[in-house]
Amino acid sequence: EVQAALDEVSQRGSRKQNDSRILSLIFRNVPSNRVWTYQVFDRLRQKAMKSRANRISNNKSIVWFEVPADPRSLKFTSGFEPNFSNNLDLSVSRSSAYGGRIEKYRIASRNERIQYLIVAGPTHVWIVNPQALTTELSTYGLRSVDVITDEDLCIPGYEFFDNEGAGQIHSQIRDGLAGDLFPVDPDRTDASPCSEKMPVVKAFRRAILTSRPKLAGK
């Protein structure tokens, strides 16, 4: 919900580039040698997830891949599948990197305990990390109750990939599932050869995208 609001506000007024005044309002500066989080960031989350009432799937991952290298083997814990008939809201923005109009669908799970944010552009579909539907927020604007998931579920349209095999970049896409280079950043490649094989992405396209006009050129 916060991301949609920020997207909408960012479209208002005159555009200014490199406005450093906003950085202190968004980022918290720490010493360069600090690699662990401050307690104000994680104490509330640790407390919340100790409560049995707050535990999402008993603090276990809600999704997994039966075959780690095969996106077609994606499975959900019963009840935590996206319910495409329960679309909570839709926000719209634009991205030159992704070719124009971007639609973000906030969709509840079948048991209505969590929500998914599924992003659709002219050529790409990807899933943002699911969130709980609880209302308690930390001072960082994040929910205190976390949803644990396999990170391979939530790979953006373009993601880091070690194209040269030099070991200098940690690949987020599995070998054999990387597409064309991202024209804006050569360290990223198209992740759709992986994501488009996931049953949940196929189901989203059937249930949502086939019922509205194509995005390209919009």
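The values are calculated or read from the model by the stated rules, or taken from the named source; none is laboratory data. Computed from a predicted structure; not experimentally measured. All Cβ positions, even for glycine, are placed from backbone atoms using ideal geometry, and neighbour counts span all protein chains on display. When the accessible area is computed, the model is the full protein with side chains, heavy atoms only, and any ligands, DNA or RNA have been set aside. Shrake-Rupley method; radii C 1.70, N 1.55, O 1.52, S 1.80 Å.
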Run the accessible area of the chain with a 1.4 Å probe and give the carbon-and-sulfur part as a rounded percent.
-> 51 percent
Under a 10 Å cutoff between Cα atoms, tell me which one of N86, N129, N33 has the largest fluctuation in the Gaussian network model of the chain.
-> N33
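Quick one: how many lysine pairs does the chain have with C-alpha atoms less than 16 Å apart and a gap of 8 or more or different chains? Give me the count, please. Intermediate results must be reported in sequence, preceding the final value.
Details: K50/K60; K60/K75; K75/K197; K75/K202; K104/K214; K104/K218; K202/K214.
Close lysine pairs under the 16 Å cut-off: 7.
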For region 1-153, with the dipole built from +1 on Lys and Arg beta-carbon atoms and -1 on Asp and Glu ones, taken about the Cα centre, which of A120, V2, S109 lies farthest toward the positive end?
-> V2
Given only helices, namely DSSP H runs of n ≥ 4 each adding -39500 (n - 2.57), what is the per-residue ellipticity at 222 nm of the chain, to the nearest 500 deg cm²/dmol?
-> -4500 deg cm²/dmol
From highest to lowest solvent-accessible area (probe 1.4 Å; ligands, DNA and RNA excluded), M49, M198 read M49, M198
Using a 10 Å Cβ count of at most 10 others and DSSP loop calls, identify the longest part of the chain lacking such GluC sites (Glu not before Pro).
-> 67-163
Could you do me a favour and compute the accessible area per residue for the chain, 1.4 Å probe, result in Å²?
-> 63 Å²
Based on Cβ point charges of +1 for Lys and Arg and -1 for Asp and Glu, what charge dipole magnitude is obtained for the chain about its Cα centre, in debye rounded to the nearest 20?
-> 900 debye
